[in-house]
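**Student:** Okay, here's the structure, questions in a sec.
The values are calculated or read from the model by the stated rules, or taken from the named source; none is laboratory data. As the structure is a prediction and not an experimental result, all values here were calculated from the model. Because the Cβ atoms are built from the backbone with ideal geometry, glycine has one as well, and the counts that use them run over all protein chains shown. Note: accessible area is taken over every heavy atom of the protein model, side chains too, but ligands, DNA and RNA are not part of it. Shrake-Rupley method; radii C 1.70, N 1.55, O 1.52, S 1.80 Å.
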Amino acid sequence: MKEIVTGLMAYGMSGKVFHAPFVNAHPGFKLHAVTERNKKIAAADYPGVISYDTIEDLISDEAIELIIINTPNYTHYDYAAKSLRAGKHILVEKPFTATAAEAKELFELADSVGKKIFFYQNRRWDSDFTTVREVIQSGKLGKLSEVHFRYDRYRAAIGPKTFKEEPLAASGLMYDLAPHLLDQAISIFGKPDSFYKILGKNRKDTKVDDYFSIHLSYPDSVNVFVHANLLLVDPLPAFVVNGSSGSLQKKRTDIQEEQLLKHMKPDNPVYGIEPEGNEGKLTLIDEDGNKSVHLLPSERSNYLPLFEAVYQSIVNDVQYPVSRDQVLTQLEILEA
């Protein structure tokens, strides 16, 4: 099996939790090098990995075929362009860029140098979302009228990550969490006919938005709302779907991030399995008006299929599931 030699731009939380474990677990990748500006800890987790002091050194490594760009949002465009010019495929965290224009420039650059761009939209593989998607696509709910996807937290204090809290390109809650929710909505419903967006600043001394609500309008009066709020003390259900034949409610219950933070590996037998009590609630009504309530356990989740999709695209030219058009739709909404 061909090994894709891979470099990781940062070995902070996202590198340690969302990338390195899966690159290491997939037999088609070799975790070759990381960038660590200060603490040199990657080699303790992955013996033999090279630790570069600078991103420029990482990009210059001729052995690397794929670079994962997991740096602050405002750096994505610059590092993506440099990596492509160095002859690397790239996997870029959300948001891909700050604007659709930047994205289009990178698409043209990638095509000109014969390299591929991949978008790290891992929340498509969350157990809660895949459960909701399956119900929507089954048609059990009838004609849909109202869909809500939420990602709420309670974080009243201003966070230490300046790239999220200072008014830089692609900062604020909308650019942090809306890419997840918009990608989920777009992956099911496609490009909306129109949209309306509300932003808010509610935390004391905040310089960036910490609340958003985006209304996506689709044909046949299907209304999709994506929301996030950093001051929600008692979170609402993350997924609510209402149709003519039923309703579905599901909490945000994917367990992967929690398990990965505890150093659980993706090949662990209990990895990605939600604990009992987190089932979705499906309420259906028949033609006679009789209601029935069903509890929906989630299937096991794993982000490894995302990396498998990257591998198959590079090695066998299989189409990657997150398309350029989907990302452009997302960015057009974010920057509007």
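**Student:** Work out how much length Ser112 to Asp220 would gain on full extension: take 0.36 nm times their residue separation and subtract the Cα-Cα distance, in nm to one decimal.
**Tutor:** Roughly 34.8 nm would be gained on extension.
**Student:** Here's another thing I want to ask about it. Taking the chain as the reference, fit the longest principal axis to its C-alpha atoms, fit the long axis of helix 76-85 to the helix C-alpha atoms, and give the angle between the two in degrees, 0 to 90, nearest 10.
**Tutor:** 50 degrees
**Student:** I would also like to ask the following. Just to confirm, what accessible area per residue do you get for the chain at 1.4 Å probe, in whole Å²?
**Tutor:** Averaged over the residues of the chain, the accessible area is 46 Å².
**Student:** When Lys and Arg each count +1 and Asp and Glu each count -1, what net charge do the other residues less than 12 Å away from Val315, Cβ to Cβ, add up to?
**Tutor:** -2
**Student:** Round to a whole angstrom and tell me the spacing of the C-alpha centers of region 19-77 and region 196-262.
**Tutor:** Result: 32 Å between the Cα centres.
**Student:** Something else: Give me the number: length gained by fully extending Met264 to Ile285, i.e. 0.36 nm times residue separation minus the C-alpha to C-alpha distance, one decimal in nm.
**Tutor:** This chain segment gains 3.4 nm when fully extended.
**Student:** What whole number of Å gives the distance from the Cα centroid of region 135-169 to the Cα centroid of region 78-101?
**Tutor:** After rounding, the separation between the Cα centres reads 24 Å.
**Student:** With a 1.4 Å probe and every protein chain kept in, tell me what percent of the accessible surface of the chain is carbon plus sulfur.
**Tutor:** Using a 1.4 Å probe with all protein chains present, the chain comes out at 50 percent carbon and sulfur.
**Student:** Rounding to the nearest 10 and keeping the result within 0 to 90°, find how far the Cα-based axis of helix 172-189 lies from the longest principal axis of the chain.
**Tutor:** Value to nearest ten degrees: 60.
**Student:** Next question. Starting from the Cα-Cα distance between Asp234 and Ser60, subtract it from 0.36 nm times their residue separation and give me the gain in nm to one decimal.
**Tutor:** 57.9 nm
**Student:** Report relative contact order for the chain in percent, whole number only (criteria: Cα-Cα under 8 Å, sequence separation at least 6).
**Tutor:** 18 percent
**Student:** Further question on the same structure: Give, as a single signed number, the net charge of other residues whose beta carbon lies under 13 Å from the beta carbon of Leu58, with Lys and Arg counted +1 and Asp and Glu -1.
**Tutor:** Charge balance near Leu58 sits at -4.
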